[in-house]
Amino acid sequence: MKKRHIYALAIVASGLSIAACDLSGITLPGSSSGLSLTGTIQESAASAKLRRSAQSSSQTYTVVAQSAATGKIYLDSTDNAGAFDVSVPEDESGNLFMVTIVGPDGKATGPVNFGNSGGQGMMGLDLDRSASFGTIQLPDNPLMTPITPGSGGDVSELAASDVLTRLDDNGVAIGLASIGKGDDAMGTPTNDPRQACDRDRDGLIDIFDADNDGDGIIDDLDTGPASGTLGLSDVRLSFFMNLKIGNDQADTYYSAVPATVEAALMTDTVITFEVLPESGATRSMTAVRVLSTPAPSYIADTEVMRDTGSGLMATSWAAEGYAFEDAGDRFQAFVIPNALINAGDVFAVEITFDDGSTGIFSRMINYVFKTIPRLVKYGDSASLTTFSGSQPITFDGTKDLTLEFEPPKDETGAYLEGFSYQFEIFYNEAGSGNQLNGDIDTDATFPTAITGFNRQNKNYEVTADSLTLSVDNTYTVTIPKEIFVNTVETSAGTKTVGSYKIDIAAQSGNGDNSAIMLQFEKM
């Protein structure tokens, strides 16, 4: 069986830093030099049944070992008998490692616990020699029973007594059930270099941790100090979520039953995959594709949107070999999952470079939009009107327009805080209803600057740090009345505005976007 070694990359904090793990120079399996972590993984009967029910024939597991000293990751996939052999170069000898097992679906099955000390898990290995895990018997439910080395192994003799992980009542790493986010996994990060793989001590290395520093803010939206750089890489993966809903679809998300919303999410959700070169990269990308395994089971049914010149067309991504398009400064793919996707899904991307080399990188989806920004009240700030769902929404054009709305929720039902908001205004011509934005002379239409309003893009912009979630879980934003002009200047002369559409968009610096467009008219 051919062995594959994977470069692994995870975004640490939105727009701040990247935790990259570079495996250049890695020792190949079976090499006489370096150290080896060997063993066999036996799948539980329950896991096999679940895998078959998901129509996945693959029973390949991957053993991932990360060095706290270098940040590099070394791994190997099981063969047909469940055996693995992770090779670690000699220059890593004596360094501390954490080991995680990844399932056929690309998700972390769980970290390996080498022992307990004072109610905490011993997840670190001082790897100064080759070692065997023996036969690891995976538990029926890794959320209820920790993964431990099996019989016939000697790896537990290398367990580090000072590298400890917080455990839940079942003795399982505290972050596993929630992929490292939420109240249960919160924890104060440590600067101890021996804990560099898992600074918040929730049991998850950064690749599989949605909140690396344990501050309760998912990494995509975290503007605090970055978790640090683990190794080097010359590419950056950005997988982000988009859920943009037009006014004609608003009723589905405002008033439909949950099953109807879930059906809509399967096709309205778009995963944007981007791979960009890092500053100072010495090689160029020539091709990028996602691997079909390890990958979420729904990958076979995904569709990719391509620009045909006359609009976007969705086609089978599998038929195109899961390839990305070359967009000049990046490779990208806009993908419709046709499924209810989950946080924790991990995709592996194969990148071919102009020097003939090929690397495989991975990235986890840290959260999923399950709702859109939801308008609750609108109108004059002194006397707001409850939004009933009907459109157009009428408002007093002589006063500033106040919007009270809920932020979108993630897959856990938690409100997603930390987004900035853009309120893009679309001006529709009276009578015809034609959109006028593309032909508006912005300087003539808005001769005086309006605070917070980007005249060129017709956006009213509100930063995340200026928003505070109320006790009712809403934000309140007031848009100046001067934005809602009665006429606009175009190349064809003055046009009268009959109505407006406002796109309420939650946006992160990382590209994530959830938006609802609603139609408004002046009284």
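The numbers here are math on the coordinates, done by the rules we state, and not lab data. Keep in mind the model is a prediction, meaning the values are calculated, not measured. Note that each Cβ is placed from the backbone with ideal geometry, even for glycine, and that neighbours are counted across all protein chains shown.
Spin-label model, Ala319/Asn437: points 7 Å from Cα along the beta carbon direction are separated by 3.1 nm. Taking other residues whose beta carbon is less than 15 angstrom from the beta carbon of Val471, and scoring Lys, Arg as +1 and Asp, Glu as -1, yields -3.
Each label point was placed 7 Å from the Cα along the Cα-to-Cβ direction; for Ile450 and Leu143 their separation is 4.7 nm.
Students often get this wrong, so check it: of Lys458/Lys481; Lys377/Lys399; Lys244/Lys481; Lys181/Lys244; Lys244/Lys370; Lys107/Lys244, which have C-alpha atoms separated by over 23 Å?
Lys244/Lys481; Lys181/Lys244; Lys107/Lys244
Once C-alpha pairs closer than 8 Å and six or more residues apart are averaged by separation and normalised to the residue number of segment 101-158, the relative contact order reads 33 percent. Distance between the 7 Å Cα→Cβ label points at Ser284 and Thr358: 2.1 nm. Which whole-number percent gives the relative contact order of the chain, counting Cα pairs below 8 Å spaced six or more residues apart? Normalised by residue count, the contact order of the chain is 13 percent. Charge tally around Ile101: other residues with Cβ under 14 Å, Lys/Arg +1 each, Asp/Glu -1 each, net -2. Estimated from the Cβ-Cβ distance and a Förster radius of 51 angstrom, the FRET efficiency linking Thr487 and Asp183 is about 0.50. If you look at the Cα atoms of the chain, you get an Rg and a Dmax of 25.6, 84 Å.
Both the radius of gyration and Dmax for segment 271-364 are 13.6, 39 Å, in that order, over alpha-carbon atoms. Cross-link reach is defined here as a Cα-Cα straight distance under 13 Å, omitting same-chain residues fewer than 8 places apart; for Lys495 the aspartates and glutamates meeting it are Glu429, Asp439, Asp441. Of all DSSP beta bridges confined to the chain, the antiparallel ones make up roughly 90%.
Take 258-269, 168-179 and order them by the average number of nearby Cβ atoms within 10 Å per residue, most first; the result is 168-179, 258-269. Each Lys or Arg adds one and each Asp or Glu takes one away; over the other residues whose Cβ falls under 11 Å from the Cβ of Phe423, this sums to -1.
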